[in-house]
Ligand SMILES: Cc1ncc(COP(=O)(O)O)c(C=O)c1O
């Protein structure tokens with residue numbers, strides 16, 4: 001199994017290094033004041049320190065169900081299992097499908113790939129295009145595999161978004177074959193234009209829709225959820241119990257308190273979208289200025305800019321970048337095979353504007369070094 005390059009790097013870099021590596025939100029945008037207020041209220045109550053329900057506290061499950069209902073996706077609290085981040089949601093589902101085959105996008109989120117390997121799932125990767133997974137290849141493979149892990153909204157790492165047409169096609173194939181999809185959607189609220197309907201809405205009994213408060217509120221809360229068929233949720237609860245009994249009830253209650261005024265969260269995500277779009281444009285501007293050889297398309301949401309430095313081995317280059325005190329994730333980390341790769345993922349949400357400019361300027365100096373690190377085929 002591949003150790004996460006990001007985690008490895010995060011452990012070894014010093015404070016002077018500018019990181020475009022991890023998928024970290026901008027800490028300046030955490031709704032600290034509101035969450036502190038909610039926290040203060042929650043911690044006054046002794047009851048909140050007690051053990052709690054495995055599937056999550058009822059009022060929070062109801063509120064999450066209502067997010068779906070507001071979008072015309074009929075959901076009750078019984079369809080929801082609260083998890084410790086969507087990372088744990090992935091683990092629970094992987095355990096449920098242990099030893100099965102699974103289709104993943106190429107490239108895909110390393111954190112999920114590692115979970116699937118740990119649970120002995122057999123991975124088959126299919127090329128991800130800008131409009132979604134290669135649908136012909138998908139149709140062919142899905143007939144036998146009947147399970148797929150997809151990130152349709154602002155994918156990690158590629159920032160691609162599935163077109164409505166591909167979403168419909170996938171839903172049709174899944175229904176026809178009687179299989180399942182795991183739709184991982186932590187970035188779905190971070191759109192710059194408008195929200196696209198999830199695939200799961202078309203196939204409510206054949207999907208696991210994963211949500212998270214990590215990218216829209218604060219990852220430190222470690223709260224995410226699974227929306228699935230009630231009967232499946234009942235089975236997943238049994239697995240959840242073996243993992244950690246329940247997710248932090250203190251975090252859940254703080255969230256529940258924060259979400260009582262629904263307009264607050266709506267307003268907060270609106271601000272996030274605006275600020276992140278601005279940051280993305282700022283990052284793109286300096287990429288074009290200092291690293292004109294980097295080929296990329298501006299994303300329509302999410303947290304990443306993905307592109308390529310034609311012919312350059314970006315994994316070799318990253319160690320040189322580290323010497324210049326700037327870091328990104330080389331594309332090779334998101335592929336199952338260890339092939340050399342000229343792709344790069346930049347996170348644009350975490351760093352300040354000042355650091356974005358300085359960091360990309362440092363990368364400019366690497367252009368010369370890069371000539372000597374060409375990909376050898
Ligand atoms: C696609 C994807 N899924 C899941 C996760 C895990 O998020 P969480 O903090 O909700 O566990 C991440 C985190 O970066 C992610 O990018």
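Laboratory data are not the source of any read-out in this text; all were calculated from the coordinates shown. Please read all numbers here as calculations on a predicted model, not as lab measurements. Counting neighbours? That spans all protein chains shown, and the Cβs are built from the backbone with ideal geometry, glycine included.
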Please state the relative contact order of the range 33-260 as a whole percent: Cα pairs under 8 Å, 6+ residues apart?
-> 28 percent
Where does helix 249-258 land angle-wise versus the long Cα axis of the chain, in degrees 0 to 90, nearest 10?
-> 90 degrees
Using alpha carbons only, how many degrees (0 to 90, rounded to 10) separate the axis of helix 314-323 from the longest principal axis of the chain?
-> 80 degrees
For the chain, calculated [θ]222 nm from helices alone, where every DSSP H run of n ≥ 4 adds -39500 (n - 2.57) = -13500 deg cm²/dmol
What is the Cα centroid distance between the range 55-74 and the range 75-120, reported in whole angstrom?
-> 20 Å
For residue 269 and residue 337, extending 7 Å from Cα along the Cα-Cβ vector and measuring point to point gives, in nm, a value of 3.9 nm
Which whole-number percent gives the relative contact order of the range 187-289, counting Cα pairs below 8 Å spaced six or more residues apart?
-> 25 percent
May I ask for the Rg/Rh ratio of the chain, computed from Cα atoms with Rh as the Kirkwood radius, given to two decimals?
-> 0.96
Largest fluctuation, 204, 292, 107 only, Gaussian network model of the chain with Cα springs under 10 angstrom, belongs to 292
Just subtract the alpha-carbon distance of residue 242 and residue 352 from 0.36 nm times their residue separation and send over the number in nm, one decimal.
-> 35.5 nm
Among beta bridges that DSSP assigns inside the range 33-260, antiparallel share in %, nearest 5 = 40 percent
Note the full-extension length gain between residue 235 and residue 47 as 0.36 nm times their separation in residues minus their Cα-Cα distance, in nm to one decimal.
-> 64.9 nm
Where does each of 58, 303 land when they are ranked from fewest to most other beta-carbon atoms within 10 angstrom?
-> 58, 303
Where does helix 32-43 land angle-wise versus the long Cα axis of the chain, in degrees 0 to 90, nearest 10?
-> 30 degrees
Mind giving me the nanometre distance, one decimal, between the label points for residue 164 and residue 98, set 7 Å out from Cα along Cα→Cβ?
-> 4.3 nm
Over all distinct alpha-carbon pairs, what is the Kirkwood Rh of the range 12-156 in angstrom?
-> 18.9 Å
Among 346, 154, which comes first, second and so on when ranked by fewest other beta-carbon atoms within 10 Å?
-> 154, 346
